[in-house]
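S.K.: Please find one structure pasted underneath; my questions will follow.
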């Protein structure tokens, strides 16, 4: 019998459920769910969406914490022929409203505990015609609400969409933009299936692997842990976050994961605990890192926490998922490198003028391959800025706007960013978005947000603020206002008050001068 190749994202679940229906697919809060349970739940969910009138290409937003329900919803959406948006549960009402309106989402799948935010976000909503709610009952006059668990008890037959092809969109992944508004990265089934298999190949994953998820599914690093686990027929152990480290450590001891994906902030905390108490986990065979760079001098300490693990340093961006990886065997030989292009892709460096640069010279990283996004949703101008003419007629390659050097072995070394985006705690932050939130505070005259290098967070966020003459405001007051209106990772770690802002010749705030002030003062 000839096995059918995977072409669409959701087909991975169907294939794994066919091969090993009774194997544990998901472990969450002590409960284990098999592949057959996941397939049945996803198919019932997909059937409900189809019965609701959802068609190929419709957008459905999932606004939930990591959970069994969020996994079922994701696969239910993709099996229905629609495309999903995973929205960070920390997202506040104003940004949630923007994403729902910009995407034209037809259905919102949400948690009851997040009602305060999504009720505000749905005021004056033009497109959402139904809410599917998990963990609570709520009644809205304008939009019908359906209980998540009731859908899982329905028995309508699913008709898998025959219209969907690999070129169709599978997901919109919203990420911070320099304008202050998030931008929707358009990823096709082909993009995501290819990226998933490329990651599986270089990470050397197999169906015996058990992956621990502590990163939000709304972050593509977290999302692909799920996609990889289901594709290989492995087991995903779900935790909502690393907010309570002791809970995560107990989960590792109990569930014995083999793969541990995290970001430098988490590794820094684990290394500190190791130095105090000897914390270590011998069950972990593979450790992966992305978002901020993993400092070379932390590698020896990380090996103490994970004595039996291969350590993978990686670099990527949402617009193509992953760019490169360093083989673990080279981590001591080339500790400052983030490695070479992932399997099936190509990278090259160009000068600001678009010319190839010699070995060892800095250049802007460009990425070529089937994993490169189709563009930004509803933003042709920005799409053209990021997708440049390629090596072949009509081909487009991704311009990362990040500066790298490449050695004689083709290994990449990150040098710095070329845009305004701050990368902190594994997340992208638009300075404009934080500035807008602070400008809304009474008495604020001018605001400038900058990122400053931080060994643990990648970059920390610093706010420079000037006030009108008669107004005084404390640092904590500004931070509290930011907490009320922004995700927690966007809140400035420091607020510096100035009498006046340095300005360039054209009258704009000169952020380079502000960054120099930080360097001079060692802040």
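The values are calculated or read from the model by the stated rules, or taken from the named source; none is laboratory data. Note that the coordinates shown come from a computational prediction; the quantities given were computed from them, not determined experimentally. Reconstructed Cβ throughout: ideal geometry from the backbone, glycine too, with neighbour counts over all protein chains shown.
S.K.: Applying the selection to the range 289-308, what residues are under 18 Å from residue 275 (Cβ atoms), buried (at least 21 other Cβ atoms within 10 Å of the Cβ) and in contact (Cβ under 8 Å) with a residue 40 or more places away in the chain?
M.R.: 306
S.K.: Then there's this: Quick check, is residue 321 crowded, with 20+ Cβ neighbours inside 10 Å and either assigned to a loop (DSSP other than H, G, I, E, B) or at pLDDT 95 or above (or both)?
M.R.: Numbers: crowded, with 20+ Cβ neighbours inside 10 Å: yes; either assigned to a loop (DSSP other than H, G, I, E, B) or at pLDDT 95 or above (or both): yes.
Judged against the criteria, residue 321 is a match.
S.K.: A follow-up question, please. Any idea which residue in the range 9-25 is nearest to the chain's Cα centre (by Cα), counting only those that are under 17 Å from residue 225 (Cα atoms) and not in a helix (DSSP H, G or I)? Full working, then the answer.
M.R.: Of the range 9-25, the ones under 17 Å from residue 225 (Cα atoms) are 9-13, 16, 24-25.
Retained after the next criterion (residues that are not in a helix (DSSP H, G or I)): 9-10, 24-25.
Values: 9: 17, 10: 19, 24: 25, 25: 22 Å.
Of everything passing the filter in the range 9-25, 9 is nearest to the chain's Cα centre (by Cα).
S.K.: Given (1) modelled with pLDDT of 95 or more; (2) outside any loop (DSSP other than H, G, I, E, B), identify the lone condition not met by residue 281.
M.R.: Every condition holds for residue 281 apart from (2).
S.K.: Looking only at the range 80-98, filter to residues that are assigned to a helix (DSSP H, G or I) and buried (at least 22 other Cβ atoms within 10 Å of the Cβ); which one of those is farthest from the chain's Cα centre (by Cα)?
M.R.: Just the residues of the range 80-98 that are assigned to a helix (DSSP H, G or I), to begin with: 80, 93-98.
Now drop any that are not buried (at least 22 other Cβ atoms within 10 Å of the Cβ), which leaves 80, 95-96.
Details: 80: 23, 95: 16, 96: 16 Å.
Here the residue is 80.
S.K.: Assess whether residue 77 counts as being in a helix (DSSP H, G or I), without any contact (Cβ under 8 Å) to a residue 40 or more places away in the chain and touching a helix residue (DSSP H, G or I) at 6+ places or on another chain (Cβ under 9 Å).
M.R.: Working: in a helix (DSSP H, G or I): yes; without any contact (Cβ under 8 Å) to a residue 40 or more places away in the chain: yes; touching a helix residue (DSSP H, G or I) at 6+ places or on another chain (Cβ under 9 Å): yes.
The answer is yes for residue 77.
S.K.: Please report, ordered by residue number, the strands (runs of 3 or more DSSP E) entirely within the range 171-242 with at least 2 residues that are closer than 30 Å to residue 254 by Cβ and either modelled with pLDDT of 95 or more or not assigned by TED's automatic domain parsing to the domain that holds residue 438 (or both).
M.R.: Details: elements: 183-188, 210-213, 235-238.
Ranges flagged: 210-213, 235-238.
S.K.: Also, I was wondering about something else. Under 8 Å between Cβ atoms, which residue pairs at least 6 apart in sequence (or on different chains) link something in the range 241-263 that is within 23 Å of residue 207 (Cα to Cα) with a partner that is surrounded by fewer than 13 Cβ atoms within 10 Å (Cβ to Cβ) and modelled with pLDDT of 95 or more?
M.R.: Correct list of pairs: 258/208.
S.K.: With the condition kept exactly as written, say whether any residue in the range 262-277 is under 24 Å from the mean Cα position of the chain (by Cα), outside any helix (DSSP H, G or I) and within 23 Å of residue 223 (Cα to Cα).
M.R.: Yes: one or more hits.
S.K.: Would you be able to tell me the number of residues in the range 41-56 that are outside any loop (DSSP other than H, G, I, E, B) and buried (at least 19 other Cβ atoms within 10 Å of the Cβ)?
M.R.: Taking the range 41-56 first, the residues outside any loop (DSSP other than H, G, I, E, B) are 41-51.
Those left that are additionally buried (at least 19 other Cβ atoms within 10 Å of the Cβ): 41-50.
Matching residues across the range 41-56 total 10.
S.K.: Right, here's the next one. Would you check which residues across the range 331-356 are modelled with pLDDT under 95 and buried (at least 17 other Cβ atoms within 10 Å of the Cβ) and list them?
M.R.: Across the range 331-356, the qualifying residues are 331, 334, 337, 338.
S.K.: Scan the range 114-125 and tell me whether some residue there is at positive phi, touching a strand residue (DSSP E or B) at 6+ places or on another chain (Cβ under 6 Å) and at pLDDT below 95.
M.R.: Going through the range 114-125, the residues at positive phi turn out to be 124.
From the residues that got through so far, the ones that are touching a strand residue (DSSP E or B) at 6+ places or on another chain (Cβ under 6 Å) too are none.
The answer is no; no qualifying residue exists.
S.K.: Which one of 293, 309 is touching a helix residue (DSSP H, G or I) at 6+ places or on another chain (Cβ under 9 Å) and at pLDDT 95 or above?
M.R.: Values: 293 fails: at pLDDT 95 or above.
From the options 293, 309, the qualifying one is 309.
S.K.: Quick check on this structure: which one of 386, 406, 373 is within 30 Å of residue 333 (Cα to Cα), crowded, with 19+ Cβ neighbours inside 10 Å, in contact (Cβ under 8 Å) with a residue 12 or more places away in the chain and touching a strand residue (DSSP E or B) at 6+ places or on another chain (Cβ under 7 Å)? Break it down stepwise before answering.
M.R.: Numbers: 386 fails: within 30 Å of residue 333 (Cα to Cα); 373 fails: within 30 Å of residue 333 (Cα to Cα).
None of the others qualify; the one that does is 406.
S.K.: Let me spell it out: the conditions are (1) outside any loop (DSSP other than H, G, I, E, B); (2) within 29 Å of the chain's Cα centre (by Cα); (3) surrounded by 12 or more Cβ atoms within 10 Å (Cβ to Cβ), and residue 496 meets all of them except one. Which number is the exception?
M.R.: Checking residue 496 against (1) outside any loop (DSSP other than H, G, I, E, B); (2) within 29 Å of the chain's Cα centre (by Cα); (3) surrounded by 12 or more Cβ atoms within 10 Å (Cβ to Cβ), the one that fails is (2).
S.K.: Do we find a residue being at pLDDT 95 or above and part of a loop (DSSP other than H, G, I, E, B) anywhere in the range 135-147?
M.R.: no
S.K.: Now for a separate question. Is it the case that some residue within the range 432-453 is part of a loop (DSSP other than H, G, I, E, B), closer than 27 Å to residue 261 by Cβ, touching a helix residue (DSSP H, G or I) at 6+ places or on another chain (Cβ under 9 Å) and not assigned by TED's automatic domain parsing to the domain that holds residue 262? So that I can check it myself, show each step before the final result.
M.R.: Taking the range 432-453 first, the residues part of a loop (DSSP other than H, G, I, E, B) are 440-443.
Right, trim to closer than 27 Å to residue 261 by Cβ and you get none.
No - not one qualifying residue is present in the range 432-453.
S.K.: Conditions: (1) surrounded by fewer than 19 Cβ atoms within 10 Å (Cβ to Cβ); (2) in contact with a strand residue (DSSP E or B) (Cβ under 7 Å, 6 or more places away or on another chain). Residue 77 meets all but one. Number of the miss?
M.R.: Every condition holds for residue 77 apart from (1).
S.K.: Inside the range 26-40, can you point out the residues that are under 17 Å from residue 228 (Cβ atoms) and in a helix (DSSP H, G or I)?
M.R.: 35, 38 - these are the residues of the range 26-40 that are under 17 Å from residue 228 (Cβ atoms) and in a helix (DSSP H, G or I).
S.K.: Now, a different point. In the list 515, 461, 488, which residue meets the criterion of being more than 28 Å from residue 92 (Cα to Cα) and within 30 Å of the chain's Cα centre (by Cα)?
M.R.: It is 515.
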